[in-house]
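The values are calculated or read from the model by the stated rules, or taken from the named source; none is laboratory data. Source: prediction; values computed, not measured. Because the Cβ atoms are built from the backbone with ideal geometry, glycine has one as well, and the counts that use them run over all protein chains shown.
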Amino acid sequence: MDKIRGFEIAKGFENAGINIPVRKTKYSAGYDIEAAEDTVVPSFKKGMNPTLIKTGLKAYMQPDEYLKLCNRSSNPKKKGLILSNSIGVVDSDYYENPDNDGHIMFAFYNIKDEDVEIKKGECIGQAVFEKFLVTDTDNAEGERLGGFGSTNN
């Protein structure tokens, strides 16, 4: 069978009990993504970096697709968790990159007054595969050489 799109366990997480994401209903757009390990997301303080929550996953897809990482709709109200980048974009060439094998992580801020603990196996967000378009004048020929945040020249 040819691989078209899907999820795999990222290197270093092969024996960590990572669950491959599933859609919960037949009309769901998103695949539920779980935390790979217990993580504390500290209460926000000015100037702090977001907390990266590991998933232990990587995703493969077609060259004209990307994986959109979305927050759970209940996270802001129940846990005070917001994605630092509003949505995450995982490009097709992120898969198996030399820096981190394409390991997907969610970048969260916690807007509650107290720290929030995320437990391994807890659903932290959703991932949606989507097609994208390019302009008539597009001539991108660069190659990805790194992992998380590596394309910000």
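Return the total of residues in segment 1-16 being free of Cβ contacts under 8 Å to residues at least 40 places away in the same chain and either surrounded by 10 or more Cβ atoms within 10 Å (Cβ to Cβ) or farther than 18 Å from residue 129 by Cα (or both). I'd like the intermediate steps shown before the answer.
First, pick out the residues of segment 1-16 that are free of Cβ contacts under 8 Å to residues at least 40 places away in the same chain: 1-2, 14-15.
Retained after the next criterion (residues that are either surrounded by 10 or more Cβ atoms within 10 Å (Cβ to Cβ) or farther than 18 Å from residue 129 by Cα (or both)): 1, 14-15.
Number satisfying all stated conditions: 3.
Test residue 69 against the stated conditions and say whether it is closer than 24 Å to residue 11 by Cβ, out of contact with any Cys (no Cβ under 8 Å at 6 or more places or on another chain) and of a type outside the set (D, E, K, R). Show your work before the answer.
Values: closer than 24 Å to residue 11 by Cβ: yes; out of contact with any Cys (no Cβ under 8 Å at 6 or more places or on another chain): yes; of a type outside the set (D, E, K, R): yes.
Considered against the rule, which asks whether it is closer than 24 Å to residue 11 by Cβ, out of contact with any Cys (no Cβ under 8 Å at 6 or more places or on another chain) and of a type outside the set (D, E, K, R), residue 69 comes out as yes.
Could you check residue 106 against (1) on the phi > 0 side of the Ramachandran plot; (2) in contact with a Gly (Cβ under 7 Å, 6 or more places away or on another chain); (3) not β-branched (Val, Ile, Thr) and say which number it fails?
Only one criterion is unmet by residue 106, namely (1).
Condition test on residue 150, is it part of a loop (DSSP other than H, G, I, E, B), within 16 Å of the chain's Cα centre (by Cα) and either closer than 27 Å to residue 28 by Cβ or modelled with pLDDT of 95 or more (or both)?
On the way: part of a loop (DSSP other than H, G, I, E, B): yes; within 16 Å of the chain's Cα centre (by Cα): yes; either closer than 27 Å to residue 28 by Cβ or modelled with pLDDT of 95 or more (or both): no.
So residue 150 does not fit the description; no.
Restricting attention to segment 61-68, does a residue exist that is over 14 Å from residue 127 (Cα atoms) and basic (Lys, Arg)? Explain how you work it out, then say what you get.
Step one: of segment 61-68, the residues over 14 Å from residue 127 (Cα atoms) are 62-64.
Now narrow it down to the ones that are basic (Lys, Arg): none.
Among the residues of segment 61-68, not one is over 14 Å from residue 127 (Cα atoms) and basic (Lys, Arg), which makes the answer no.
Return the total of residues in segment 31-42 being within 20 Å of residue 58 (Cα to Cα), in a loop (DSSP other than H, G, I, E, B) and more than 12 Å from the chain's Cα centre (by Cα). Quick ask: steps written out before the conclusion?
Let us first name the residues in segment 31-42 that are within 20 Å of residue 58 (Cα to Cα), namely 31-39.
Adding the requirement that they be in a loop (DSSP other than H, G, I, E, B) leaves 35-38.
Now restrict to residues that are more than 12 Å from the chain's Cα centre (by Cα): 37-38.
Summing the residues that are within 20 Å of residue 58 (Cα to Cα), in a loop (DSSP other than H, G, I, E, B) and more than 12 Å from the chain's Cα centre (by Cα) in segment 31-42 gives 2.
Conditions (1) surrounded by fewer than 17 Cβ atoms within 10 Å (Cβ to Cβ); (2) out of contact with any helix residue (DSSP H, G or I) (no Cβ under 7 Å at 6 or more places or on another chain); (3) of a type in the set (D, E, K, R); (4) under 21 Å from residue 19 (Cα atoms), marked per residue:
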| site | (1), (2), (3), (4) |
| --- | --- |
| 65 | no, no, yes, no |
| 75 | no, yes, no, yes |
| 106 | no, yes, no, yes |
| 122 | yes, yes, yes, yes |
| 129 | no, yes, no, yes |
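Test residue 88 against the criterion of being on the phi > 0 side of the Ramachandran plot, at pLDDT 95 or above and either surrounded by 12 or more Cβ atoms within 10 Å (Cβ to Cβ) or over 17 Å from the mean Cα position of the chain (by Cα) (or both), and give yes or no. Even if it seems obvious, please write down each step before you answer.
Details: on the phi > 0 side of the Ramachandran plot: no; at pLDDT 95 or above: yes; either surrounded by 12 or more Cβ atoms within 10 Å (Cβ to Cβ) or over 17 Å from the mean Cα position of the chain (by Cα) (or both): yes.
For residue 88, the condition - on the phi > 0 side of the Ramachandran plot, at pLDDT 95 or above and either surrounded by 12 or more Cβ atoms within 10 Å (Cβ to Cβ) or over 17 Å from the mean Cα position of the chain (by Cα) (or both) - is not met.
Scan segment 19-27 and tell me whether some residue there is within 30 Å of residue 135 (Cα to Cα) and either of a type in the set (A, V, I, L, M) or not in a loop (DSSP other than H, G, I, E, B) (or both). Talk me through it step by step, then tell me what you get.
At the first step, the residues of segment 19-27 found to be within 30 Å of residue 135 (Cα to Cα) are none.
No, segment 19-27 contains no residue that is within 30 Å of residue 135 (Cα to Cα) and either of a type in the set (A, V, I, L, M) or not in a loop (DSSP other than H, G, I, E, B) (or both).
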